[in-house]
1. Can you work out the FRET efficiency for the pair K55 and D225, with r the C-beta to C-beta distance and R0 = 35 Å, to the nearest 0.05?
2. Counting only helical runs of four or more DSSP H residues, what would the 222 nm mean residue ellipticity of the chain come to if each run contributes -39,500 (n - 2.57) and the total is spread over all its residues?
3. Averaging sequence separations of C-alpha pairs under 8 Å and six or more residues apart, then dividing by the length of the chain, give the relative contact order as a whole percent.
4. Compute the angle between helix 213-230 and the longest alpha-carbon principal axis of the chain, please, reported from 0 to 90 degrees and rounded to the nearest 10.
5. Looking at this model, which pairs from K3/K167; K7/K158; K110/K158; K20/K167 are more than 29 angstrom apart at the alpha-carbon?
6. Taking the Cα centre of the chain as the origin, how large is its charge dipole in debye, to the nearest 20, when only Lys and Arg (+1) and Asp and Glu (-1) carry charge on their Cβ atoms?
7. Any idea which of M262, G137, T80 is furthest toward the positive side of the dipole for the chain, if Lys and Arg beta-carbons carry +1 and Asp and Glu beta-carbons -1?
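Readers should treat all values here as calculations from the given coordinates under stated rules, not as data from a laboratory. For clarity, every value in this text was computed on a predicted model and none was experimentally measured. A quick note on method: Cβ atoms are made from the backbone with ideal geometry, for glycine too, and the neighbour counts reach across all protein chains shown.
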Amino acid sequence: MIKETLKEILSADLPNLALKKSGLNKADIKPFADQGDLDAMLVLLLGLSCNAIGKIWNEDFEDEDTHEITSIERWEHLDTPLFSADPGEVEMLNKALASLIPSQTTETLKNWALLFDRDALHLAIHEELARRGDAEGLARIGAFYADGFESAGYSKDKEKAREYFNKALAAGWDKSEYDWNIEMLDYSPLEHPEDFADDFDPRGATILISGHPLYLDQIEFMVEDLTKAHGAPDNEAGLFIPLKYVFQTLGFDWVDNTGNLMAKWRRTESVLTLELECNPRVDEALVEAFRKAYPKLTVESA
């Protein structure tokens, strides 16, 4: 009975929801996994590493025209795994399943990849798919290089990303997906301020600037001048400078309604910290602006 349930979970559209509904717990599954049952190993890793489903309930809705009642299933998506892991348990399962990857069919590996979208196994699966010349695997490796996946050994490298995207296209990757990824690869937030000028949707962001103290002094003087000219005097830190003026002072045209420089501090001579509230990705554009204006400094988002 349990083995049949494990197969049903793995074939479900939403395996973590199916696992929650099954009522199986770790104690039910682990004995089979310990015996090397592949389905049990996969479901156990799913329960240990993927986001869990919490409460499940139904909501009734009435159609405004027909007045027919429709019941829709709802569920609570949690940020924690369903099962608690013992020390080293996830790593051991990943290692055991990774050793089986070369012997699996390409279709099976694609199904596994859908189960573990953030797990270490996900990386190993796509590396194997890429080695086989599979379009999805090649595209995902390209994405690792495009975005940077430092913990897995993929430094941000646009040329490597482009190389893998081109291979994926040649292997049958969807052309519209290819075009979008190439566009994003060449996209510079600094060159498209209009993309960030719609509704102000602030979030916190931090920029760290490090290097020679004399250059950092220049930036601090710049911020102090902008504070006097454009800052809000009733702000506790004396800042609240619209980012438009920061960009303009660095030599770049920008737009209103994208954020504010809220605070700065310098705990050491060689590191300056800037705190922002800004529309998403505006901080990336500001990092790029500082890098171009001060090429001898190291500028990064925290």
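1. After rounding, the FRET efficiency stands at 0.05.
2. -15000 deg cm²/dmol
3. After rounding, I find 11 percent.
4. 80 degrees
5. Pairs exceeding 29 Å: K3/K167; K7/K158; K20/K167.
6. 1500 debye
7. Farthest towards the positive end: G137.
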